[in-house]
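Asker: Once you've had a glance at the structure underneath, I'll fire off some questions.
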Amino acid sequence: GLAAHYWHREKNLVSALALAAILILLVNPLVLFDVGFQFSFLATWGLIYLYPALDERLKDWPAWRALILLPLGAQLGVVPLIAFNYNQVTLLSLLSNVLLTGILGGIVLIGYLAFPLVFIFPLVAESLFLGAGVLVSLITELVRFMSGVPGSVINVASPPVWVLTLYYILAVGWVEGWLQKYKDGVWPVLKTQPAHRIVLALLLIAGAITSYAWVGRDDLKVVFLDVGQGDC
């Protein structure tokens, strides 16, 4: 994104995200099976790919629709993986995101402001960090409260890998308009931009590799989830 801005080129966030993923996979291809990698990229993909489509189709909604659609885009990007890895679907996750996103954004901004002050005005920085700590405690209590609401979580069986693959193909198809009727003598899928066809190809390849990796695997696995700044 920064390079496109510097060279006055049109920004394509989906292509930038795909390039970032490819560079990481070139260093270590096995990171494809890392749950933290999958969650990070699919959540970001939901924000920059699904959210704009949702916003465009619901543009008649009031301006505050972004408060709902933005976390919804991220949620739609990762909900199949949550079901696959944790056998749970949280019904209050969207409401939680709406309530907590603003607080989390405030914590990040306070951190950015406080960090340079550590070297100039340590006492001011310490006060800011204490304020951020209070907000973190508030988030922790809110999450604990909402997770305790009866019926907020549904236990589900892990969906097959082919179902996950089909879900993401249909999500891309919905955004690109592939589900429209046959018209002008060609299916809409054949009119998509090259960058989007590349993304679809990567999704299909990843799905095929993942399907192959999990076929016949009955051995015990212990997975350590590391999502960086994510609130585990």
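The values are calculated or read from the model by the stated rules, or taken from the named source; none is laboratory data. Model, not experiment: these values are computed from the prediction. Here the Cβ positions follow ideal geometry from the backbone for every residue, glycine too, while neighbour counts run over all protein chains shown. Each accessible area value is taken on the protein alone, full model and side chains, heavy atoms only, with ligands, DNA and RNA left out. Shrake-Rupley method; radii C 1.70, N 1.55, O 1.52, S 1.80 Å.
Asker: Could you check, for region 1-11, whether at least one of its residues is touching a residue at least 40 places away in the same chain (Cβ under 8 Å) and either loosely packed, with under 15 Cβ neighbours inside 10 Å or charged (D, E, K, R) (or both)? Quick ask: steps written out before the conclusion?
Answerer: Taking region 1-11 and keeping what is touching a residue at least 40 places away in the same chain (Cβ under 8 Å), we get none.
Looking through region 1-11, none of the residues is touching a residue at least 40 places away in the same chain (Cβ under 8 Å) and either loosely packed, with under 15 Cβ neighbours inside 10 Å or charged (D, E, K, R) (or both).
Asker: Looking at ASN28, ASN85, which one is at pLDDT 85 or above, under 17 Å from TYR168 (Cβ atoms) and open to solvent by 50 Å² or more (accessible area, probe 1.4 Å)?
Answerer: Numbers: ASN28 fails: under 17 Å from TYR168 (Cβ atoms).
The unique qualifying residue is ASN85.
Asker: Which members of region 111-145 meet the condition of being open to solvent by 70 Å² or more (accessible area, probe 1.4 Å), of a type in the set (A, V, I, L, M) and outside any helix (DSSP H, G or I)?
Answerer: Once the filter is applied, which keeps residues that are open to solvent by 70 Å² or more (accessible area, probe 1.4 Å), of a type in the set (A, V, I, L, M) and outside any helix (DSSP H, G or I), region 111-145 yields only ILE120.
Asker: Consider region 88-110. How many of its residues are touching a strand residue (DSSP E or B) at 6+ places or on another chain (Cβ under 7 Å) and open to solvent by less than 80 Å² (accessible area, probe 1.4 Å)? Full working, then the answer.
Answerer: Kept after step one, since they are touching a strand residue (DSSP E or B) at 6+ places or on another chain (Cβ under 7 Å), are these residues of region 88-110: 88-91.
Those left that are additionally open to solvent by less than 80 Å² (accessible area, probe 1.4 Å): 88-90.
Of the residues in region 88-110, 3 are touching a strand residue (DSSP E or B) at 6+ places or on another chain (Cβ under 7 Å) and open to solvent by less than 80 Å² (accessible area, probe 1.4 Å).
Asker: While we're on this one: Scan (1) open to solvent by less than 80 Å² (accessible area, probe 1.4 Å); (2) modelled with pLDDT of 85 or more for the single condition ALA157 breaks and write down its number.
Answerer: (1)
Asker: Give region 48-72 a look and list any residue that's buried (at least 19 other Cβ atoms within 10 Å of the Cβ), free of Cβ contacts under 8 Å to residues at least 60 places away in the same chain and within 13 Å of TRP174 (Cα to Cα), or say none.
Answerer: TYR51, LEU54 - these are the residues of region 48-72 that are buried (at least 19 other Cβ atoms within 10 Å of the Cβ), free of Cβ contacts under 8 Å to residues at least 60 places away in the same chain and within 13 Å of TRP174 (Cα to Cα).
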